[in-house]
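The structure appears right after this line, and notes come after that.
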Amino acid sequence: MANLIGVLGGMGPDATITYLSMVVENTQASTDQEHVDLDCVMHCSIPDRTAYILDRSQPSPLPDLIEDIQTLGERGVTAIAIPCNTAHYFFEELQAASPVPVLNMLELAVDSLRERYPEARTVCVLGTRGTAQTGVYAPAVDKAGLKLVDVSEEGQKLVDTVIFDRVKAGIPTERSLYTDMLAEGMASGADALILACTELSVPERQIQHDFATLDALVSLARATVVAAGKRLKPAL
């Protein structure tokens with residue numbers, strides 16, 4: 001029997017659908033049977049990760065995340081993917097609760113960045129304030145021998161607008177808004193940018209630009225194909 005990959009989705013729903021499309025797009029297949037078997041929990045009502053990280057009086061998403069992880073384990077999955085960067089704040093707790101390996105999107109993204117931009121020495125992570133303020137990417141960036149630089153407050157406001165006021169709100173992201181956000185990230189002194197919120201994957205796929213970006217969600221999707229034991233398409 002082929003490996004069955006569990007997906008803890010819904011954070012947010014559009015980002016999860018984008019991730020599922022990426023898994024299909026990155027699989028070398030000519031028949032249905034050659035694609036990845038997935039078991040997806042679309043749990044959109046999980047409490048907001050960023051709200052809890054920034055204000056501990058808010059509802060914690062951790063109990064729901066652990067319950068979903070364990071449910072997927074009971075269904076017989078062989079590995080679990082979580083297409084949400086901010087949820088990786090809880091990675092150690094989730095891996096401890098899981099009977100199978102949980103793919104670490106943060107480490108996968110940094111490894112992919114080193115491959116795509118081998119000359120890069122500094123990296124700026126664009127994501128939610130929860131991701132930014134907790135520094136969840138710092139260990140992976142340090143391990144790779146890179147320097148992490150912070151986006152400006154003006155840049156973070158643009159990131160917040162794209163994530164919450166456009167993608168999560170179901171409103172198309174203007175090209176000027178998106179490229180202004182990327183430009184602010186590069187202005188921090190970065191050689192390359194990690195798109196560290198799965199909502200950012202939506203405009204990244206729609207808007208052409210020349211900035212040095214690495215979409216963490218693509219890294220997770222490609223790792224999912226490998227974990228499933230399926231054939232991987234060459235990277236674009």
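The values are calculated or read from the model by the stated rules, or taken from the named source; none is laboratory data. Everything numeric here is computed off the predicted structure, so don't read it as measured data. Every residue, glycine as well, gets a Cβ built from its backbone with ideal geometry; the counts of neighbours run over all protein chains shown. Each accessible area value is taken on the protein alone, full model and side chains, heavy atoms only, with ligands, DNA and RNA left out. Shrake-Rupley method; radii C 1.70, N 1.55, O 1.52, S 1.80 Å.
Some points to look at:
- In summary, Glu204 fulfils each of the numbered conditions (1) on the phi < 0 side of the Ramachandran plot; (2) more than 19 Å from the chain's Cα centre (by Cα) with the single exception of condition (2).
- Remark: pairs (first residue in region 9-28, farther than 18 Å from Pro203 by Cα; second residue part of a helix (DSSP H, G or I) and of a type in the set (Gly, Ala, Ser); Cβ separation under 7 Å; 6+ apart in sequence or on different chains) = Asn26/Ala221.
- Within region 197-236, the set of residues being open to solvent by 10 Å² or more (accessible area, probe 1.4 Å), in a strand (DSSP E or B) and of a type in the set (A, V, I, L, M) comprises just one member, Leu232.
- Of the helices (runs of 4 or more DSSP H) lying entirely inside region 124-196, the ones with 2 or more residues being within 19 Å of Thr50 (Cα to Cα) and without any contact (Cβ under 8 Å) to a residue 40 or more places away in the chain are found at 153-160.
- Residue match in region 44-63 (condition: part of a strand (DSSP E or B) and at pLDDT 95 or above): no
- Filter result (in contact with a strand residue (DSSP E or B) (Cβ under 8 Å, 6 or more places away or on another chain) and over 24 Å from Ser21 (Cα atoms)) within region 183-218: Gly185, Met186, Ser188, Gly189, Ala190, Asp191, Ala192
- From Leu94, Leu38, residue being in a helix (DSSP H, G or I) and either modelled with pLDDT of 95 or more or in contact with a strand residue (DSSP E or B) (Cβ under 6 Å, 6 or more places away or on another chain) (or both): Leu94
- For region 167-194, the set of residues classified as open to solvent by 50 Å² or more (accessible area, probe 1.4 Å), under 26 Å from Arg116 (Cβ atoms) and in contact with a helix residue (DSSP H, G or I) (Cβ under 8 Å, 6 or more places away or on another chain) consists of Asp180, Glu184, Ala187, listed by residue number.
- With respect to being in a helix (DSSP H, G or I), more than 30 Å from Glu74 (Cβ to Cβ) and of a type outside the set (D, E, K, R), Pro118 falls outside the description.
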